[in-house]
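Have a look at the structure below, then the notes.
The values are calculated or read from the model by the stated rules, or taken from the named source; none is laboratory data. Bear in mind the structure is a predicted one, so any value in this text is a computation, not a measurement. Using ideal geometry, Cβ is built from the backbone for each residue, glycine included, and neighbour counts are taken over all protein chains shown.
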Amino acid sequence: MANETLFSPVNLGTHELPNRIVMAPMTRLRAPGSMPNALMAQYYAQRASAGLIVTECVMVSDTSAAYMNAPGIYADEFIEGWRLVTDAVHEAGGKIFIQLWHSGRVAHVSLMPGGQAPLAPSEISGVGELHTPTGKHPMSMPRAITADEIRGLTKAFGKAADRARKAGFDGVEIHGAFGYLIDQFLRDGSNKRVDLYGGSLENRARFLLGVITAVQQSFGQDVGVKLSPASRAHGMSDSRTEGTFAEVLGLLNEADLAYVHMMEPLQGDEIPSLLLSDTVAFARRHYSGTLIANGGFSPTSADTLVTEGGADLVSFGQAFLANPDLPARIRSGEQLAFPDFSKVYGIPGQPMEDGYTNYPSLGA
Ligand SMILES: Cc1cc2nc3c(=O)[nH]c(=O)nc-3n(C[C@H](O)[C@H](O)[C@H](O)COP(=O)(O)O)c2cc1C
């Protein structure tokens, strides 16, 4: 057997997982009307041999308006769609956490309800373009939301978690990474507020900590947080990145989480920085709980990291796209299949299963 350490069981929150291979959250844009469906259930069930699946990011509000056909959980009507997904994964023997998400300023007016401005900590736009019904456009200038609205969004995360519990999820991952709303609050490049939610790190982390508490009402110890401190995705910056995230991790030490999911930046996305050149090691130094490492791992480098104690689990994103039975391939040392990147995201009008559920398992 290859990569043996990855196949030792591990406790995560209230769960015991049979292996340390996590399927990283991946947006696939195959939920017309934001409604989860049977095809998505099939896709996740195919990947149920992961020790843990984390779903693609899921909208906690219809103002989380970055991507067409991203799934939602911002109303009760979504519960039955997600029930298809959780039932299918459980029947296949897996465990699945839902990634709860608000995109904040990563949004376009044409995707926002009533064409309103996107919501953000401060009136500073995100960097990059988004697909809209009329083609690709730069992100719209956001509006700085009020403290009352922040409390409303905190509650929206809590209500989404309550629905996720009713839909049968095993836990929640809070999306605090990649330049979305929680990340926008944490960093001083995007948060210029002078109220209780801006200024000191304690204030900038208030939204994240409030969201954790709100989600824990439904999920207790089965709540994780994903962070990507060394990534400047969507225009993120901070005047003291290391200090900021060392303090964030310090606060998370007190939060009784199932895990922190630490993402290394994607190539070309890195904030130049010595200390953060190895973000997982940085997280291990500052966070004392269960750590999931992510970003660019091969089966061998993942196994070595866990064997040497650098992380407790490793998540794989791209490797799960074309290898639904990734753990079996990691175990046998088999060559991994390569995905067709032109089909990663669903394209309206084209067969949704193509490049999604039609990658075979070994021996299938
Ligand atoms: C197609 C695709 C969609 C992604 N969508 C999300 C997402 O919804 N939420 C998230 O936290 N990360 C998302 N990511 C990032 C992955 O979770 C992961 O952090 C990244 O791919 C690095 O891991 P890897 O090198 O194993 O692929 C996405 C990545 C890919 C390739």
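Close Cβ contacts (under 7 Å, 6 or more residues apart or on different chains) running from residues in segment 242-269 that are closer than 17 Å to Gln216 by Cβ to residues that are among the β-branched types (Val, Ile, Thr) and in a loop (DSSP other than H, G, I, E, B) comprise Ala258/Thr290; Tyr259/Thr290. Among the residues here, Glu80 qualifies as out of contact with any Ser or Thr (no Cβ under 9 Å at 6 or more places or on another chain), modelled with pLDDT of 95 or more and not in a loop (DSSP other than H, G, I, E, B). Looking across segment 341-364, just one residue is under 22 Å from the mean Cα position of the chain (by Cα), exposed (fewer than 12 other Cβ atoms within 10 Å of the Cβ) and either touching a residue at least 12 places away in the same chain (Cβ under 8 Å) or part of a loop (DSSP other than H, G, I, E, B) (or both), and that is Ser342.
To keep it simple, each residue is scored yes or no on (1) aliphatic (A, V, I, L, M); (2) touching a helix residue (DSSP H, G or I) at 6+ places or on another chain (Cβ under 9 Å); (3) outside any loop (DSSP other than H, G, I, E, B).
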position: Ala311; (1), (2), (3): yes, yes, no
position: Ala319; (1), (2), (3): yes, yes, yes
position: Pro327; (1), (2), (3): no, yes, yes
position: Ile330; (1), (2), (3): yes, yes, yes
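Identify the residue in segment 250-281 that is at pLDDT 85 or above and among the β-branched types (Val, Ile, Thr) and, among all such residues, is farthest from Ser315 (Cα to Cα). The qualifying residue farthest from Ser315 (Cα to Cα) is Thr279.
Answer yes if at least one residue in segment 65-78 is of a type in the set (Gly, Ala, Ser), over 26 Å from Ala293 (Cβ atoms) and within 16 Å of the ligand (Cβ to nearest atom), and no otherwise. Checked against the condition, which is being of a type in the set (Gly, Ala, Ser), over 26 Å from Ala293 (Cβ atoms) and within 16 Å of the ligand (Cβ to nearest atom), segment 65-78 yields at least one hit. The residues of segment 1-42 that are away from the ligand (no atom under 16 Å from the Cβ), touching a helix residue (DSSP H, G or I) at 6+ places or on another chain (Cβ under 8 Å) and not in a loop (DSSP other than H, G, I, E, B), listed by number, are Glu4, Thr5, Phe7, Ala38, Ala41, Gln42. In the set (1) within 25 Å of Gly268 (Cα to Cα); (2) within 16 Å of the ligand (Cβ to nearest atom); (3) not in a strand (DSSP E or B), the condition left unmet by Arg105 is number (2).
Residues are listed down the side, and each one gets a yes or a no for (1) touching a residue at least 40 places away in the same chain (Cβ under 8 Å); (2) within 13 Å of the ligand (Cβ to nearest atom):
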residue	(1), (2)
Val280	no, yes
Gly289	no, no
Ala293	no, yes
Gly296	no, yes
Ser301	no, yes
Leu305	no, yes
Val314	yes, yes
Pro339	no, yes
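Of the candidates Asp183, Asp195, Asp162, the single residue that is part of a loop (DSSP other than H, G, I, E, B) and charged (D, E, K, R) is Asp195. If the condition is being of a type in the set (A, V, I, L, M) and part of a loop (DSSP other than H, G, I, E, B), then segment 216-255 contributes Ala230, Ala233, Met236, Ala255.
Does segment 286-306 contain any residue that is charged (D, E, K, R) and in a loop (DSSP other than H, G, I, E, B)? No, because not a single residue in segment 286-306 is charged (D, E, K, R) and in a loop (DSSP other than H, G, I, E, B).
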